[in-house]
Amino acid sequence: MKWQGRRGSSNVRTSSGGGGKMVGSGIGGIIIAGILWLVFGVNPMTALQTGQAVTGGGSSDTSTEVATSTDRDTQFVKVVLADTEEVWHQIFNEAGSTYKEPSLILFNGQVSSACGSASAATGPFYCPADQTVYLDKSFFVEMSQNLGITGDKQGSSDEGNEGKAGDFAQAYVIAHEVGHHVQTLLGISQQVNEASRQVTRAEANKLSVLQELQADCFAGVWAQRNQERVQFLEAGDIDEAINAASQIGDDRLAKASGGAVVPDNFTHGTSQQRVQWFTRGLESGSVQSCDTFSGAL
């Protein structure tokens with residue numbers, strides 16, 4: 001993956017760690033189903049079936065500072081986040097809307113967010129309450145050592161660490177979390193949360209799967225649109241992302257842990273589903289193609 005020489009986001013910060021208290025509530029506001037239909041082509045029946053007021057809120061109590069590190073991982077994350085900003089600004093502008101950029105906090109070991117505390121074991125996550133992506137820098141090492149997500153490029157550039165195997169798999173993870181931010185801006189996450197309170201746990205898990213698969217699709221949309229913009233992909237990059245999506249499917253993770261594969265417990269989707277929806281977004285480059293809630297799984 002070619003990433004050096006492009007703008008880095010100013011929205012990346014580093015965390016000094018923090019405690020574990022939950023923080024505040026009250027973002028407020030309602031997203032109307034018709035807006036999703038007119039602006040982004042989301043089926044209005046889908047929106048109405050999972051409609052909800054925005055919940056959660058408050059600001060993080062994590063002590064942070066603007067990331068100024070020159071280490072490779074930090075710079076890589078800043079460039080990838082900037083790439084997502086460029087693409088989503090373009091998509092929202094095309095729809096006559098305005099994209100609000102998320103923050104991204106890099107932490108080591110433990111962090112406190114507006115959604116509660118988390119550790120490296122949590123993995124990357126997005127907190128809608130403070131509209132921030134949280135990423136432990138050790139996760140990329142875990143991707144390689146424990147999940148086998150490294151990529152396999154032959155003959156790609158390695159000058160200045162460009163084209164490093166696994167780069168695009170890492171970018172896919174960041175783009176997936178930014179996809180959750182897009183869902184928050186569209187009101188989709190809030191709708192899912194409200195609907196989940198009114199159904200059984202198994203049904204709520206199914207809604208979670210649909211939400212996660214849509215974030216995979218949004219990651220694919222980003223990749224396609226960013227390729228059009230800066231031609232950043234190298235041979236083997238797409239295979240890296242597909243491998244990553246496959247490795248973190250609920251069914252595969254359940255088998256790897258020695259547990260039973262119980263579909264009612266799935267919250268992110270099977271390996272096949274995750275690959276399918278990432279690929280759909282990648283091939284279409286269109287947000288409208290990512291309506292996982294229509295039942296077309």
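The values are calculated or read from the model by the stated rules, or taken from the named source; none is laboratory data. Treat the numbers as computed from the prediction; the structure is a model and nothing was measured. Note: ideal-geometry Cβ built from the backbone for every residue, glycine included; neighbour counts use all protein chains shown.
Brief remarks on what is shown
- Of the candidates ALA202, ALA245, ALA215, the single residue that is at pLDDT 80 or above and buried (at least 17 other Cβ atoms within 10 Å of the Cβ) is ALA215.
- Members of the range 114-133 found to be of a type outside the set (A, V, I, L, M, F, W, C) and without any contact (Cβ under 8 Å) to a residue 60 or more places away in the chain, listed by number: SER119, THR122, GLY123, PRO124, TYR126, GLN131
- Count - residues of the range 195-227 that are under 21 Å from GLN276 (Cα atoms) and of a type outside the set (Phe, Trp, Tyr): 21
- Test: LEU185 is more than 13 Å from the chain's Cα centre (by Cα), over 15 Å from TRP3 (Cα atoms), in a helix (DSSP H, G or I) and modelled with pLDDT of 95 or more: yes
- Residue tally, condition surrounded by fewer than 22 Cβ atoms within 10 Å (Cβ to Cβ) and under 18 Å from HIS176 (Cα atoms), over the range 80-105: 11
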